[in-house]
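To keep things clear, I will list the structure first and then write my remarks on it.
The values are calculated or read from the model by the stated rules, or taken from the named source; none is laboratory data. Worth saying up front: this structure is predicted, and the values here are computed from it rather than measured. Virtual Cβ from ideal backbone geometry, glycine too; neighbours counted across all protein chains shown. Quick note on the areas: whole protein, heavy atoms, side chains included, nothing else; ligands and nucleic acids left out. Shrake-Rupley method; radii C 1.70, N 1.55, O 1.52, S 1.80 Å.
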Amino acid sequence: MPTIFTKIINKEIPADIVYEDEKCLAFKDINPQAPVHILVIPKTEIRSLADITPEHQELMGYLLCKVTEIAKAQNLKEGYRVIINTESHGGQTVYHLHIHIMGGRQMNWPPG
């Protein structure tokens, strides 16, 4: 069954897209937890970080490079946090791998 992120990729559900190419899509979180809160998702459906295999190595590196580019484009010069929630105890609620970019304010530690 397609996730909400698959529906966003397929343009079945609108999103405030900040970046898109053939491998990934980045859009503003609808429930932002920081002044800048963007989700970066691969267009390849991967359920969770726990499901990554060696065949995903190139894609994962690509996604992290895009995170850096997107953060720069969002003017997050003073820093930002990158989060990948994994499975239920890790806080994952949508089972399509996604990377959070959060910034625009001082992040606290521990995160919770």
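At a glance:
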| quantity | calculated |
| --- | --- |
| Hits in the stretch 1-47 (condition: closer than 22 Å to Glu58 by Cα, assigned to a strand (DSSP E or B) and open to solvent by 70 Å² or more (accessible area, probe 1.4 Å)) | Glu20 |
| Unique match (being free of Cβ contacts under 8 Å to residues at least 60 places away in the same chain, part of a loop (DSSP other than H, G, I, E, B) and within 20 Å of Ile8 (Cβ to Cβ)) among Leu59, Leu76, Leu97, Leu63 | Leu97 |
| Every residue from the stretch 85-94 that is open to solvent by 50 Å² or more (accessible area, probe 1.4 Å) and assigned to a loop (DSSP other than H, G, I, E, B) | Glu87, Thr93 |
| Restricting the stretch 50-82 to residues that are under 20 Å from His96 (Cβ atoms) and in contact with a helix residue (DSSP H, G or I) (Cβ under 8 Å, 6 or more places away or on another chain), the residue that is surrounded by the fewest Cβ atoms within 10 Å (Cβ to Cβ) | Val82 |
| Residue in the stretch 65-84 that is touching a Leu at 6+ places or on another chain (Cβ under 9 Å) and not β-branched (Val, Ile, Thr) present | no |
